[in-house]
1. Go through segment 303-338 and report how many residues are touching an Asp or Glu at 6+ places or on another chain (Cβ under 9 Å), open to solvent by less than 90 Å² (accessible area, probe 1.4 Å) and of a type outside the set (V, I, T).
2. Need pairs with beta-carbon distance below 9 Å; first residue of a type in the set (F, W, Y) and open to solvent by 60 Å² or more (accessible area, probe 1.4 Å) and within segment 136-160, second at pLDDT below 85 and in a helix (DSSP H, G or I); sequence gap 6+ or separate chains.
3. Quick check on segment 366-386: of everything there that is among the charged types (D, E, K, R) and open to solvent by 80 Å² or more (accessible area, probe 1.4 Å), which residue is farthest from the chain's Cα centre (by Cα)?
4. Could you please find all residues in segment 531-544 being farther than 22 Å from D609 by Cα and open to solvent by less than 30 Å² (accessible area, probe 1.4 Å)?
5. For segment 289-305, check the following and say yes or no: at least one residue is under 14 Å from the mean Cα position of the chain (by Cα) and among the polar types (S, T, N, Q).
6. Look at E44 and say whether it is open to solvent by less than 60 Å² (accessible area, probe 1.4 Å), at pLDDT 80 or above and over 27 Å from the mean Cα position of the chain (by Cα).
7. Looking only at segment 235-265, how many residues end up being outside any helix (DSSP H, G or I) and loosely packed, with under 15 Cβ neighbours inside 10 Å?
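The values are calculated or read from the model by the stated rules, or taken from the named source; none is laboratory data. All figures in this text were calculated on a predicted structure; none of them were measured in a lab. We place every Cβ from the backbone using ideal geometry, glycine too, and count neighbours over all the protein chains shown. Side chains are part of the model used for accessible areas, which takes the heavy atoms of the whole protein and leaves out ligands, DNA and RNA. Shrake-Rupley method; radii C 1.70, N 1.55, O 1.52, S 1.80 Å.
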Amino acid sequence: MLNHETDNLHKPADGPNQESNSNKVVQTDKEKALDSINASNAEESEDHAVHEANHIPLENYETFDLEKLTKELHKLTRLHKVTEIKDHAEEIKKVFTRKYADLIEEKKEAFFEENPDANDSDFEFNLPIKHEFEEYYEEYREKKNTYFKQLQDSLNTNYKKRLSIIEQLKDLVDNKETIDDALKQLNDLRDQWKNAGAIPKDKYNHLWNNYHFHIERFYDQLHLDRESRDLDFKHNLEQKQKIITRAEELLQEEDIVKAFRELQTLHRIWREEIGPVEREYREQIWDQFSEITRQLHEKRESLLDKLRLVERQNLAQKVNIISEIDKISKLPITNHNQWQKEIGKVEELRNRFFSIGKVPAENNDEVWDLFKLATRNFNAEKNTFYKTLKKEQQENYAKKVALIEKAKQYKDSEDFLKATPIMKKIQNDWKEIGHVPRKYSDQLWKEFRDACNHYFDRLHSIKNQENQEEQDAYNKKKEYLDLMKTFELSGDHKTDLSEIKNHINNWKTLGRVPQHKRFIEGKFNKILDSLFEKLNLSRREMEAVKFNNRLETILETNDKRKLQGEAIFIQRKIEEINGDILQLENNLAYIQNPSESNSFVKEVRKNIDKLKDDLKIWTDKLDQIKHIGEDDSNNE
């Protein structure tokens with residue numbers, strides 16, 4: 001009986017002895033390829049559904065909204081095994097949690113913007129879709145927990161079964177009594193091994209190496225029927241050569257992922273279902289299969305490098321978008337329209353960010369945190385602006401309410417001379433006030449417009465009436481002017497003067513004419529001047545009559561300011577004439593021989609006399625105004 005080696009051997013079927021990874025300094029490309037295959041098969045051995053999950057593509061869930069994420073999780077949970085959708089479910093959960101947190105943050109900011117005095121405890125927000133999502137995720141989690149508990153129990157049971165099979169292999173080699181039917185027993189053990197089920201992935205390679213070690217010991221060290229053994233070797237060689245042929249064909253497959261997956265299956269068949277070959281071929285066919293594995297592994301790594309390059313490009317794009325959002329958040333934006341424009345830009349950048357594919361896994365959390373920080377900073381600036389704007393709008397609201405109250409106060413006023421400039425100022429002040437909160441804007445404008453329209457409609461109605469009266473007065477004065485042109489003096493000074501005064505009184509009773517037709521007053525005054533000249537009235541008398549006519553016209557308008565202005569003008573005129581008289585008299589005092597025969601003296605005295613006549617005329621006018629003032633006081 002031959003002594004077997006320990007079970008802790010790491011020799012693959014039909015392959016060279018391998019050192020443990022801890023003793024290696026540098027792995028060859030072929031060793032890296034084989035390790036990749038072995039690691040994948042070990043994981044699949046633990047749970048074959050992991051391999052099946054590769055058939056369900058991972059979507060770019062960042063582009064999904066909350067409702068779509070919920071529907072996707074429900075669909076996956078309903079249509080697929082829990083192990084097939086593990087990565088999908090966790091990614092959906094991750095994205096949903098992020099997006100919901102962002103939504104809560106936005107709603108919270110909006111709440112405190114509307115309620116600046118509120119506390120955190122005052123804020124409440126519930127979205128029904130969250131409860132629906134949590135129900136679907138809890139359903140998935142319960143299925144997953146149930147599955148993995150059952151799986152773990154099954155893995156441990158299967159591991160014990162395989163250990164038992166290995167022990168039976170050892171006994172098969174060492175027990176001479178069973179040599180006659182050893183080959184039959186070996187095939188039976190191989191069938192048991194094939195159907196023993198999945199085992200923990202951390203025990204997979206060690207257990208398989210031990211199993212194949214004892215299989216090869218069986219063939220190499222036991223004296224079985226040489227013809228049967230050779231037939232078995234030949235059959236195994238043919239099967240492995242077919243695997244190599246198929247592996248070579250996979251090198252031409254365009255779908256590298258699919259090809260590598262099938263290569264993984266070929267390795268599993270090579271190890272699990274096909275026995276050893278003649279010792280002289282073992283190294284050769286293993287090297288041939290390993291070389292093909294290396295080549296396909298390199299193609300796969302090249303593809304993964306391209307995918308990683310795309311992920312790095314995606315990372316660069318996302319970082320650039322974050323930088324753009326950050327720049328926008330630092331712009332000195334000072335008005336609503338500009339903010340709306342920049343909000344649109346940031347929303348577009350957000351959509352672009354979510355439409356970009358995956359980034360390297362090691363950068364995913366970092367780039368997401370930076371994105372959230374940039375958008376949070378932008379929202380903080382936006383909220384600060386609108387918070388200030390809201391305060392200004394509240395102040396504007398108070399100002400406009402005050403103007404509305406003032407407009408209502410004057411809208412029914414009968415004193416149009418006083419109320420009209422006030423109402424016009426109210427309208428101008430309204431234009432100077434900025435925006436108010438949108439919810440009040442229409443109502444405030446309606447109240448303000450109604451009050452102003454009410455007043456100015458009344459004003460225009462009265463003005464229209466007055467305009468018609470003025471037009472009628474003009475027509476009457478035009479006819480009266482034609483009558484005056486035919487008037488002739490009788491020759492009796494007293495009678496004619498009385499008649500002229502009657503005409504003046506009649507003219508006044510005809511009323512005021514439109515402003516643009518006031519020229520008719522000048523025509524009437526020219527006729528009066530002509531008549532006064534014919535009457536040979538003194539200049540003082542004529543000016544008194546004409547000024548009296550002017551005063552009565554001013555009094556008809558009830559314009560006290562105009563009357564006051566007239567008095568001020570006359571007083572200045574009197575002061576001016578007195579000054580001129582004083583100046584001329586002073587000039588005479590400097591003349592040594594102020595004889596009346598002196599032409600210069602005569603001219604100066606003549607001017608002084610004229611100025612004194614003018615002074616009397618202006619003094620008379622001032623007296624007339626003073627008498628009006630006295631009459632007003634007596635009336636009071």
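1. Initially, segment 303-338 is screened for residues touching an Asp or Glu at 6+ places or on another chain (Cβ under 9 Å), giving 328-331, 333.
From what is left, the residues that are open to solvent by less than 90 Å² (accessible area, probe 1.4 Å) are 328-329, 331, 333.
Keeping just the survivors that are of a type outside the set (V, I, T) gives 329, 331.
Result for segment 303-338: 2.
2. Y147/A49; Y147/V82; Y147/T83; F148/V82; F148/T83
3. The first filter runs over segment 366-386 and keeps only residues among the charged types (D, E, K, R), leaving 366, 369, 372, 376, 381-382.
In the following step, the residues that additionally are open to solvent by 80 Å² or more (accessible area, probe 1.4 Å) were identified as 366, 369, 376, 381.
Details: E366: 24, D369: 20, R376: 12, E381: 12 Å.
Looking at residues that are among the charged types (D, E, K, R) and open to solvent by 80 Å² or more (accessible area, probe 1.4 Å), I get E366.
4. The initial filter retains those residues of segment 531-544 that are farther than 22 Å from D609 by Cα, namely 531-532, 534-535.
Scanning segment 531-544 gives L531, F532, L535.
5. Here is the first cut: in segment 289-305, the ones under 14 Å from the mean Cα position of the chain (by Cα) are none.
Among the residues of segment 289-305, not one is under 14 Å from the mean Cα position of the chain (by Cα) and among the polar types (S, T, N, Q), which makes the answer no.
6. Details: open to solvent by less than 60 Å² (accessible area, probe 1.4 Å): yes; at pLDDT 80 or above: no; over 27 Å from the mean Cα position of the chain (by Cα): yes.
For E44, the condition - open to solvent by less than 60 Å² (accessible area, probe 1.4 Å), at pLDDT 80 or above and over 27 Å from the mean Cα position of the chain (by Cα) - is not met.
7. Kept after step one, since they are outside any helix (DSSP H, G or I), are these residues of segment 235-265: 251-255.
Those left that are additionally loosely packed, with under 15 Cβ neighbours inside 10 Å: 251-252, 254-255.
Here the count works out to 4.
Matching residues to (1) out of contact with any helix residue (DSSP H, G or I) (no Cβ under 9 Å at 6 or more places or on another chain); (2) basic (K, R); (3) under 22 Å from S355 (Cβ atoms):
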position	(1), (2), (3)
D65	no, no, yes
L69	no, no, yes
K81	no, yes, no
E84	no, no, no
K93	no, yes, yes
F96	no, no, yes
K99	no, yes, yes
D102	no, no, yes
K107	yes, yes, no
